[in-house]
Structures are given as structure tokens and as C-alpha cells.
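Read through the structure below, which is laid out as C-alpha cells, and then see the notes.
Laboratory data are not the source of any read-out in this text; all were calculated from the coordinates shown. Source: prediction; values computed, not measured. Every residue, glycine as well, gets a Cβ built from its backbone with ideal geometry; the counts of neighbours run over all protein chains shown.
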Amino acid sequence: MIAIIDYGAGNLQSVEKALRHIGCPCQVADSPAQLAQAQAAVLPGVGAFGQAMAALEQRGLDRAIREFVDSGRPFLGICLGLQVLFESSEESPGVKGLGLLPGKILRLPGDRGLKIPHIGWNSLEVGTPGWLLKGLEPEPYVYFVHSYYLQAQGDVVTSTAQYGCQIHAAVEQGNLAACQFHPEKSGSTGLGILRNFAEKAKAQQRRD
């Protein structure tokens, strides 16, 4: 069972619908106890970095997520769910993220004739695809909705996109993966990404 983490940041139904479309058992989890019982977890969300971290901490989900990732079970962050995995964001100065991956979240440049927020389809440049992006077509198109972007550190970046700057669009480290774009809204390409996540969860369950 894949848990879809509910911390009041929305975007649950579209993720749940996409997972069920590919035949993947899933349920919404809004407490540490529910999350602890899952074989894999998805952290979706849209909204502000600071509000998201406050909601996670209020529900005790910040510690639960860290423990879940440390357990080796597959974990996928989407959009805001990617951003809070990192250390900080220009959107909410002074607010610490989960710090599970090294890097920071910056505001997209607004002085280059591009609309902010960035809403729409963009191609990815896939580097080392890892397990989440394996099997994708060259330069796949995916759907973005965001005003802030990731600047990661280290070798966790698996794909980038261009929108006035280089966006670190997807990252992966062991069992932990995340994407700034929305796979649940990215057509057949996005469903392929979610299938990769579901296969990772099944493989982990067989090992357990």
C-alpha cells in the first residue's frame, strides 16, 4: 500500500486518481501511525514552503517522514513535496526544511520576460535517470506549476529543465526521489514515472 501524505497542502485527489489508474493500491495518510504502516509514500502538495513545514510539524509528520525515509522504503516528493525535502527556501526565510537532501529553493527570475508562476509543459534533459525516470523517451515533456525552483547540491540531480534558468527538475538518492513537475498531470510520461515508483515499492515489499 502506498500512502499519500495529507498535511493540508492539497493535490491529493489527482495523485490518488493517477495511482489507482495504474492499478496501484493507495490510501490517504494524515498521521504518523498511518504513514508507518505503508510500504511506500508520496508527499504531494501545492502552496507555500513555510506553511507546509508548519503543518508537517504540527501533525508530527516531519519526524515520521524522516523515519520513513531512513527505513529504506520508497518515498516520492512532488512539487511542494520536493521543496520541503531540502534545507531552506527563499519563499520563507528562516524556516528550515526537512533537510533530507542538500540544497535550497530559489525564486524563479522574473526579469527575463517569462510569466511567473511557471505553468505548463516543458521538456526535461535527463541525465542519469535512476529508478524513477528509467525508460522515458528522450527529452520527455512534463507539466510544471511553480514559482520557486530547486538548486540542489551534490550528485542527486537526475534531470533538469530550462525556464529562465536551469531548474533541477528531479532528484534521487537511494530510496528517496522527488520531482518539481507533476507526474500525475503529465500524461503517459507521468504515468510511466508513477509505474516506476510502484515497481520500486513492490520490489521493496518482496525484499521485506
In the chain, if the dipole is taken from +1 on Lys/Arg beta carbons and -1 on Asp/Glu beta carbons about the Cα centre, which of 193, 22, 79 is farthest to the positive end? 22
Lys/Arg +1, Asp/Glu -1 at C-beta; segment 79-182 dipole; positive extreme among 92, 110, 160: 92
Using only the Cα atoms of segment 52-110, build the gyration tensor, take square roots of its eigenvalues as a ≥ b ≥ c, and label the shape rounded, prolate or oblate: rounded if a/c is under 1.5, else prolate if a/b is larger than b/c, else oblate. prolate
Counting helices only, and only those DSSP H runs with n ≥ 4, report the 222 nm mean residue ellipticity of the chain as the sum of -39,500 (n - 2.57) divided by its residues, in deg cm²/dmol to the nearest 500. -8500 deg cm²/dmol
Run the numbers for residue 162 and residue 107: contour at 0.36 nm per residue of separation, minus the present Cα-Cα distance, in nm. 18.4 nm
If you average 1/r over all unlike Cα pairs in segment 20-89 and invert the result, what Kirkwood radius do you get in angstrom? 12.7 Å
Given charges at beta-carbon only (K, R positive; D, E negative), |dipole| of segment 92-208 in Debye: 300 debye
Once you've got the Cα coordinates, tell me which of 115/200; 96/134; 17/134; 104/202 are over 29 Å apart. 115/200; 96/134; 104/202
Once you order the gyration tensor axes a ≥ b ≥ c over the Cα atoms, which shape class does segment 46-168 get: rounded for a/c under 1.5, otherwise prolate or oblate by comparing a/b with b/c? oblate
Within segment 107-141, find all residues whose amide N lies under 12 Å from a label point positioned 7 Å from the Cα of residue 151 along Cα-to-beta-carbon. 107-109
Express the relative contact order of segment 1-128 as a whole percentage, based on alpha carbon pairs under 8 Å and six or more residues apart in sequence. 21 percent
